[in-house]
Amino acid sequence: MASAGSEQAKKPYCVISADCHVLEPPDLWERRVAPKFRHRLPRMELDDRGRKTLIVEGQRPTRIRDFSLEGDDLERAKSGSWEASKRHADLDRDGIDAEVVYPNRGLLMWASPDSEHQTEMCRVWNDWAIEVFPPSQKRSLPVAAIAPQHVETAVTEVERVARLGYRVVFLPVQVPDQPYNLPLYEPLWAAIQDAGLPISFHVGTGKDPRTATGNGGAILNYVWHALSTAIEPVTQMCVSGILQRFPQLRFATVEAGIGWLAWTLWVMDEGYQKHHFWVAPKLEMLPSEYFRRQGYATFQDDPIGLETRQWIGAENLMWGDDYPHHEGTWPRSEEVIARTMGELSDAERRQVLGGTAAKLYGFELPDEGRV
């Protein structure tokens, strides 16, 4: 993994952001998608009152409000480039040695209810991202997007992206009306395990996360979509027997924080034990033990979650700056880390800031005494 400069080389820890984003070219899907899907891509239109509206197949229209930004907010709005020199300068500024790269517009790839449309949207991202962030450069690791609604097609794409050199697959947090605890997904879990690829469940994918409107809607949606969309895949993976049947399968929730996680692990075990007469399948371990063996979660600025780490396991937590999103910590990550991680031991910091991400995603750690 490339060093990010002399100042960064003096840091005591290798810092890997397990959640970054790239602003794709504005015409990426328009140029590369199959012609029959071109008229169905997300687009901006003017409504009958001349207001800008985002139209996304499978979601309700969203009004785009005009507002002005300044300071860090303006910088974030202008950042996220896929050009290596600009991107690496931003990483260096934030003290980041390496990153896991998620899409931005591409978070809408699973919005359409049409599985073929989803598959095509994911294919475009997968072909482009591995061109821009090839395995030969070791600093930026892109995620491979998989559309799981049609399982056989999803298995084929998992095998293809593994051959392309991807090291992680990205699934939506939920497939509407087709939850992950259904047996039909067994071939997909087998293919992902056989490929040796961890799974990422990034919030805000697979179904419209905006459940609230009206007063306070922006904050209601911010709180609710992170919490609800993270709990669903965690509980489904841990209590349904998936992780028991596929003991090498690994997964992570991304950009959902961790303040909810300790309670979730506790209540899964409580339900399993106190409702044992209803529970099926019977598990060899408690649900929380499957998470600690095979599950992970990322966070940005979550001091409450860090206080509960003894209930989770620091080795299951990964930090990310969510570059360049407004809810992230870039370009002030070093300040946030100092403010929120003062109570962590040196070993815990090494794990949370980079060691666990390096192990999970296959980053090469430097040799100069950092981990």
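Values quoted throughout were computed directly from the atomic coordinates according to the rules given, and no laboratory measurement underlies them. Everything quoted here is computed from the prediction, not taken from an experiment. Please note: Cβ atoms are built from the backbone with ideal geometry, for glycine as well, and neighbour counts cover all protein chains shown.
Rounded to the nearest 500, the 222 nm mean residue ellipticity of the chain from helices alone is -11000 deg cm²/dmol, with -39,500 (n - 2.57) taken per DSSP H run of at least 4 residues. Straightening the chain between H150 and R31 buys 40.4 nm, computed as 0.36 nm per residue apart minus the Cα-Cα spacing. For a label point 7 angstrom out from the Cα of D73 toward its Cβ, which stretches of the range 315-334 have the backbone nitrogen within less than 17 Å? The answer is 324-332.
Charge tally for A147 (other residues, Cβ to Cβ under 11 Å; Lys, Arg +1; Asp, Glu -1): -3. Membrane-span-like helices in the chain, defined purely by DSSP H runs whose alpha carbon atoms cover 30 Å or more axially and whose average Kyte-Doolittle hydropathy reaches -1.0, are 217-239. Separation of the alpha carbons by more than 32 angstrom is noted, of K52/K78; K52/K86; K78/K138; K36/K86; K36/K138; K52/K138, for K36/K86; K36/K138; K52/K138. Rounded to the nearest 20, the size of the Cβ-charge dipole of the chain about its Cα centre is 520 debye, with Lys and Arg at +1 and Asp and Glu at -1.
Beta bridges from DSSP with both residues in the chain: antiparallel share about 20 percent, rounded to the nearest 5.
If you wrap a convex hull around the Cα atoms of the range 13-133, how much volume per residue is inside, in Å³?
So the per-residue Cα hull volume is 131 Å³.
Prolate is the label for the range 95-182. Its Cα gyration tensor axes, ordered a ≥ b ≥ c, give a/c of at least 1.5 and a/b above b/c. Computed on the Cα atoms alone, the convex hull of the chain gives a volume of 150 cubic angstrom per residue.
The modelled label-to-label distance between D92 and N181, using points 7 Å beyond Cα along the C-beta direction, is 5.0 nm.
The residues neighbouring P179, those whose beta-carbon lies less than 12 Å from its own, together hold a net charge of -1 under the Lys/Arg +1, Asp/Glu -1 convention.
Between K359 and Q137, how high is the FRET efficiency from 1/(1 + (r/R0)^6) when r is the Cβ-Cβ distance and R₀ = 22 Å? Nearest 0.05. Rounded to the nearest 0.05, the efficiency is 0.65. Within the shell of other residues whose beta carbon sits under 15 angstrom from the beta carbon of F291, the net charge comes to -2, with Lys and Arg scored +1 and Asp and Glu -1. Each principal axis of the Cα atoms in the range 270-343 has its own extent, and those three values, largest first, are 51, 25, 18 angstrom. Quick check: from the Cα gyration tensor, does the range 171-323 come out rounded (a/c under 1.5), prolate or oblate? In terms of gyration-tensor shape, rounded.
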